[in-house]
Amino acid sequence: MGEAIPPAEALEYLGSQVGEPLTARLLSDRRGSRAWKIEGPLGAVALKANTPGDGLTRDKAVEMAQEDEHLLRLTAAGALQAGYRVGAGEWAGGRWLAVRWIDGTPVWGAFARARSLDGNLPSAQQWLLGVARTWAEELARLHMAGWAHADAQPSNTLVTPDGVVAVIDYALACGPGGGPRLPYRGALTHTTAPEVARAILATNDDVHVQAGPSAEVWGLGASLQWCWTGQRPVPYEDDAPRSQARHHFEGSDASSRQGPSVAVPAVRAGDRGLPGSLARRQAIRCGAGAASEGGLMALRSLTAADAPAVRRIYGKASVRFLGRAAMTGREAQEYVARVQRWHLTDPVEQYVLGVDIGCDLVGVVKLGLRPGRHGRVSYVLREGCWGRGHATQAVRELVSFASTTAGLVSLGARHHPDNAPSGRVLAKAGFTRIGARDGMTEYSLLLDL
């Protein structure tokens, strides 16, 4: 490995960025590409280039050009910090790419303490949860811009000395637009979401399979489970071909899909280790919740793709007692974008979660946080889904979320006096009617912690 020399064209450019003299340390030489740490008087960068003469040279050169394009687009979209990409170009053997050097340890190594006896210490758990929190926030920035990293596995995620996650290697990222690119065919087997694995198995190798935020949240949970417990969420033999390992997902459908189960302690949204950005991802997954007529129910975050469903939820019949008109398509898009911004604040002041039945978004529940660890609950369900117990189950799930993840001690709710079914939902969920205020019927619920 020590004989691999960085491309002269790259060194000439980097000398103007980090100063001279330069020192180069080879970090890896595998799968058709090499990586170095390049240091100069003014700083350090990570440099990678395709291996000349290797059978994978052409594909790796195209992959590096693709990653460079991704970095430029992500920076323009505000999903990456300006200055992360340092430079890129051609050299005699293909392509090179340089990014800002980040001092950090891959997540697998950083989570070693979780897999030891020390992992049970409160201080260790808080540190680990803080790492998980910043990992979720890094990916959320991409999702807000319409992108998915699509390879957010432990080796592509660094933990800095202060416990903050930095995601690297954007070659496989999937974003908006349908321009030419190398087809995405998945990444690490046991962090690949079931729907992506099934799509890969059902198509030829030259077909691009678009990975989205939902699949990435599954991959985040899978990576956390793997690093935290040492157990893969998808069992297969170490020497099994990737295509064979992915057959684990065959025979399962979207309505029965369950996300990986990560054994982490219950944490309140206000705790330092886990403010709302990751709290909203805990068990808020399609097919990971309680049984309900029509399939498994889960409360989950809203994505941009949910806007049409949100518009149908806020239809004319459903908003009759809400004091507003039916939602337009544009209003639904703006509402979802606003909700996503709310969930990125720290601390979160209001959770707005979709009610998902077998991967069909049928409603929205809200939990507004008030002083004194008090919360306000509200909900709306799509017409045609009433009278099936969905609203009652959704409110019960939200109450559980409020008492555990959000750490609240009391809840309040209200409904229009003419909306008797809403009162029955609240009563079944454990709320007590306490009277009337401002023309509305008020309810309360004390939570057991």
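In the set GLU137, GLU67, which member is touching a residue at least 60 places away in the same chain (Cβ under 8 Å), assigned to a helix (DSSP H, G or I), among the acidic types (Asp, Glu) and under 20 Å from GLN210 (Cβ atoms)?
None of the other options fit; the residue is GLU67.
Give the residue, chosen from ALA171, ALA152, ALA140, that is modelled with pLDDT under 90 and within 19 Å of the chain's Cα centre (by Cα).
Just a single option satisfies the conditions, and that option is ALA152.
Just checking, which of VAL395, VAL377, VAL362 is outside any strand (DSSP E or B), modelled with pLDDT of 90 or more, touching a helix residue (DSSP H, G or I) at 6+ places or on another chain (Cβ under 8 Å) and crowded, with 21+ Cβ neighbours inside 10 Å?
VAL395
Would you mind stating whether VAL131 is assigned by TED's automatic domain parsing to the domain that holds GLN210 and buried (at least 18 other Cβ atoms within 10 Å of the Cβ)?
yes
All but one of (1) assigned to a helix (DSSP H, G or I); (2) surrounded by 20 or more Cβ atoms within 10 Å (Cβ to Cβ) hold for ARG73, so report the exception by its number.
For ARG73, the exception is condition (2).
Do you know which residues across region 12-53 are without any contact (Cβ under 8 Å) to a residue 40 or more places away in the chain, surrounded by fewer than 18 Cβ atoms within 10 Å (Cβ to Cβ) and either farther than 25 Å from THR105 by Cα or of a type in the set (Val, Ile, Thr) (or both)?
Once the filter is applied, which keeps residues that are without any contact (Cβ under 8 Å) to a residue 40 or more places away in the chain, surrounded by fewer than 18 Cβ atoms within 10 Å (Cβ to Cβ) and either farther than 25 Å from THR105 by Cα or of a type in the set (Val, Ile, Thr) (or both), region 12-53 yields GLU12, GLY15, SER16, GLY19, GLU20, PRO21, THR23.
Please pick out the residue among ALA413, ALA427 that is surrounded by fewer than 16 Cβ atoms within 10 Å (Cβ to Cβ) and either over 21 Å from ILE357 (Cβ atoms) or among the hydrophobic types (A, V, I, L, M, F, W, C) (or both).
ALA427
Can you confirm whether region 326-337 contains a residue that is in a strand (DSSP E or B) and acidic (Asp, Glu)?
Scanning region 326-337, I find no residue that is in a strand (DSSP E or B) and acidic (Asp, Glu), so the answer is no.
So in region 8-59, with the set limited to residues that are of a type in the set (S, T, N, Q) and assigned to a helix (DSSP H, G or I), which one is farthest from GLY83 (Cα to Cα)?
Residue satisfying both the conditions and the ranking: THR57.
Any residue at all in region 83-106 that's in a helix (DSSP H, G or I), modelled with pLDDT under 95 and not assigned by TED's automatic domain parsing to the domain that holds VAL165?
no
With the checklist (1) of a type in the set (Phe, Trp, Tyr); (2) at pLDDT below 95; (3) under 21 Å from THR157 (Cβ atoms) in hand, flag the one item TRP36 doesn't pass.
(2)
Of the conditions (1) touching a Gly at 6+ places or on another chain (Cβ under 7 Å); (2) within 24 Å of SER214 (Cβ to Cβ); (3) modelled with pLDDT of 95 or more; (4) of a type in the set (A, V, I, L, M, F, W, C), LEU129 fails just one. Which one is it?
(3)
Quick one: which residue in SER400, SER301, SER318 is of a type in the set (Ser, Thr, Tyr), farther than 23 Å from MET144 by Cβ and touching a strand residue (DSSP E or B) at 6+ places or on another chain (Cβ under 9 Å)?
SER318
Does region 173-184 include one or more residues that are among the basic types (Lys, Arg) and either assigned by TED's automatic domain parsing to the domain that holds CYS359 or outside any loop (DSSP other than H, G, I, E, B) (or both)?
no
The values are calculated or read from the model by the stated rules, or taken from the named source; none is laboratory data. Keep in mind it's a predicted model, so treat the numbers as computed, not measured. Neighbour counts run over all protein chains shown; Cβ positions are idealised from the backbone, glycine included.
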